[in-house]
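One structure is given below, encoded as structure tokens.
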Amino acid sequence: MSDRSQLLDAGRPFAFDETREAEFTRLEPRYPERDSLIMPALWLVQEQQGWISREAMEYVAERTGAYHAQVFELATFYTMYHLRPPGKHHICICRTLSCYLREKQLLVDWLAANLDLVPGAVTEDGRFSLEEVECLGHCGSAPVVQVDGVFYEDMDEEKLGALIEDLRSEAI
Ligand code: FES
């Protein structure tokens, strides 16, 4: 699993655009407990920027009135939050028990061998990124891979290869 404690700077301050500001304002009254607003606010950041930079975490802390450490804890704990710009196609491989026992490592190794892609990284051409994640909730059909939010169950190297080939053949 990649090191999620290393934050990346975007090199510019973050602020919600008009659409996200309106959504944040709509959500605020629903979360009288301000800490509960951190996760939806992080989600809005990711929707806008594609990932969550250090500056954006500071912004979320300011907007929600939370401690920076609380925002950091949530953003780094949940792998659904991207802490660096993802590739065009984001691949998640479940690393939890059922998938571990059903050889999820073969899939990770296949990506390393064929795309030179390791967990936490993006391919040189920016087309694929990989993250190892906790249980994706489809343990009965392990090993499970999620690509761009779509689940692929009972995966093996051959199916993964075919899937990557399909994605590669898309127009850039
Ligand atoms: S252990 Fe992999 S989906 Fe649950």
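The values are calculated or read from the model by the stated rules, or taken from the named source; none is laboratory data. Only a predicted model underlies this, so the values are computations on that prediction, with no experimental measurement involved. With ideal geometry, Cβ positions are generated from the backbone for all residues, glycine too; neighbour counts draw on all protein chains shown. The accessibility values were calculated without ligands, DNA or RNA, using every heavy atom of the protein model including side chains. Shrake-Rupley method; radii C 1.70, N 1.55, O 1.52, S 1.80 Å.
With a 1.4 Å probe and all protein chains in place, put Ser141, Ser129, Ser169, Ser98 in order of accessible area, largest first.
Details: Ser141 25, Ser129 5, Ser169 90, Ser98 45 Å².
Largest accessible area first, the residues go Ser169, Ser98, Ser141, Ser129.
In whole Hz, what ³J(HN,Hα) sequence does the stretch 137-151 give by Karplus (6.51, -1.76, 1.60; θ = phi - 60°), x for Gly and Pro?
Couplings: x, 10, 4, x, 10, 5, x, 10, 10, 10, 10, 6, x, 9, 8 Hz.
Using a 1.4 Å probe and counting only protein heavy atoms, arrange His138, His68, His82 so the residue with the most accessible area comes first.
Details: His138 60, His68 105, His82 30 Å².
From most exposed to least exposed: His68, His138, His82.
I want the local charge near Ile38. Using Cβ-Cβ distances under 14 Å, sum +1 for each Lys or Arg and -1 for each Asp or Glu among the other residues. Spell out each step's value before the answer.
On the way: positive: Arg30, Arg34, Arg63; negative: Glu28, Glu33, Asp35, Glu58, Glu62, Glu73.
Local net charge: -3.
Would you work out if the stretch 64-172 is rounded, prolate or oblate? Take a ≥ b ≥ c from the square roots of the eigenvalues of the alpha-carbon gyration tensor; rounded if a/c is under 1.5, else prolate when a/b is larger than b/c, oblate otherwise. Working shown, then result.
Numbers: a/c = 2.18, a/b = 1.34, b/c = 1.63.
Taking the square roots of the gyration eigenvalues as a ≥ b ≥ c, the stretch 64-172 is oblate.
In nm, to one decimal, how far is the Ala10 label point from the Thr79 one, both placed 7 Å along Cα→Cβ?
Distance between the two pseudo-spin positions: 2.5 nm.
Quick one: ranking Phe77, Phe16 by accessible area, 1.4 Å probe, largest first, what do you get? Provide the component values of the computation, followed by the final result.
Working: Phe77 145, Phe16 20 Å².
My answer, sorted largest first, is Phe77, Phe16.
Go through 103-112, 19-28 and give me the packing order, highest mean Cβ count within 10 Å leading.
103-112, 19-28
Over the stretch 49-91, what relative contact order in percent results from Cα pairs under 8 Å that are six or more residues apart?
Normalised by residue count, the contact order of the stretch 49-91 is 51 percent.
Summarise the accessible area of the chain (1.4 Å probe, protein heavy atoms) by the percent that is carbon and sulfur. Could you put the intermediate results ahead of the total?
Working: 4850 of 9350 Å².
Here carbon and sulfur together make up 52 percent of the probe-accessible area.
Return, in residue-number order, each cysteine of the chain whose C-beta is not under 4.7 Å from any other cysteine's C-beta.
Cys92, Cys135, Cys139
Relative contact order, percent, of the stretch 88-166 when contacts are C-alpha pairs under 8 Å separated by at least 6 residues?
37
Return one whole number: the accessible area per residue of the chain in Å², for a 1.4 Å probe.
Values: 9350 Å² over 172 residues.
Accessible surface, normalised per residue, equals 54 Å².
Alpha carbon centre of the stretch 118-172 versus the stretch 1-52: separation in Å?
Their Cα centres are 25 Å away from one another.
Considering Cα pairs under 8 angstrom that are at least six residues apart, work out the relative contact order of the chain and quote it in whole percent.
Details: 241 pairs, mean separation 34.9, N = 172.
Relative contact order comes out at 20 percent.
In nm, what is the difference between 0.36 nm times the number of residues separating Val150 and Leu101 and their Cα-Cα distance?
On the way: separation 49, 0.36 × 49 = 17.64 nm, distance 2.20 nm.
Length difference between fully extended and current span is 15.4 nm.
Between Ala113 and Ala69, what is the spin-label point distance in nm, taking each point 7 Å from the Cα along the Cα→C-beta axis?
4.5
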